[in-house]
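*Asks:* One structure, pasted below without further comment.
The values are calculated or read from the model by the stated rules, or taken from the named source; none is laboratory data. All values derive from a computational prediction rather than experimental measurement. Don't worry about glycine lacking a Cβ; one is built from the backbone with ideal geometry, like all the others, and counts go over all protein chains shown.
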């Protein structure tokens, strides 16, 4: 689990600051996807916002979102989704269909590559 310390730190590739209730939504940056085959070329901006009892983590540039029961879970789910999308589309370009998937793949490639 990713904790939310008071000062900026790095844990599992996430730099963040502890959010205050008045600071939601807030932005954090991913420096890792937690996947041994992948490297983040430049920090991935992620916006986290509450939605009901869940928290939604969104990589707006690529139009990719996930949710979780905590901000940490939402971010962890987003890391996994970005990694899975990259690996699937990188291995099989025919899996990229439609303009949205093409845009998502192009944007993710700007931020992520194989090691």
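*Asks:* Tell me which residues, restricted to the stretch 32-59, are touching a strand residue (DSSP E or B) at 6+ places or on another chain (Cβ under 7 Å), more than 20 Å from residue 101 (Cα to Cα) and in a loop (DSSP other than H, G, I, E, B).
*Replies:* 32, 37, 41, 43
Conditions tested, residue by residue: (1) free of Cβ contacts under 8 Å to residues at least 40 places away in the same chain; (2) under 15 Å from residue 25 (Cβ atoms).
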{"position": "55", "(1), (2)": "yes, yes"}
{"position": "61", "(1), (2)": "no, no"}
{"position": "66", "(1), (2)": "yes, yes"}
{"position": "86", "(1), (2)": "no, no"}
{"position": "105", "(1), (2)": "yes, no"}
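*Asks:* Does residue 9 fit the bill of being at pLDDT 95 or above and more than 14 Å from residue 111 (Cα to Cα)?
*Replies:* no
*Asks:* Could I ask something else about it? Within the stretch 60-81, count every residue that is in contact with a helix residue (DSSP H, G or I) (Cβ under 6 Å, 6 or more places away or on another chain), surrounded by 18 or more Cβ atoms within 10 Å (Cβ to Cβ) and assigned to a helix (DSSP H, G or I).
*Replies:* Selection size over the stretch 60-81: 1.
*Asks:* Quick test of your reading of the structure: residue 89 fulfils all but one of (1) touching a helix residue (DSSP H, G or I) at 6+ places or on another chain (Cβ under 6 Å); (2) closer than 13 Å to residue 108 by Cα; (3) modelled with pLDDT of 95 or more. Name the failing condition by number.
*Replies:* The failed condition is (3).
*Asks:* Given the conditions (1) farther than 22 Å from residue 113 by Cα; (2) crowded, with 20+ Cβ neighbours inside 10 Å, report the number of the one that residue 50 does not fulfil.
*Replies:* (2)
*Asks:* Right, another one. Tell me yes or no: at least one residue of the stretch 59-69 is at pLDDT below 95 and more than 13 Å from the chain's Cα centre (by Cα).
*Replies:* no
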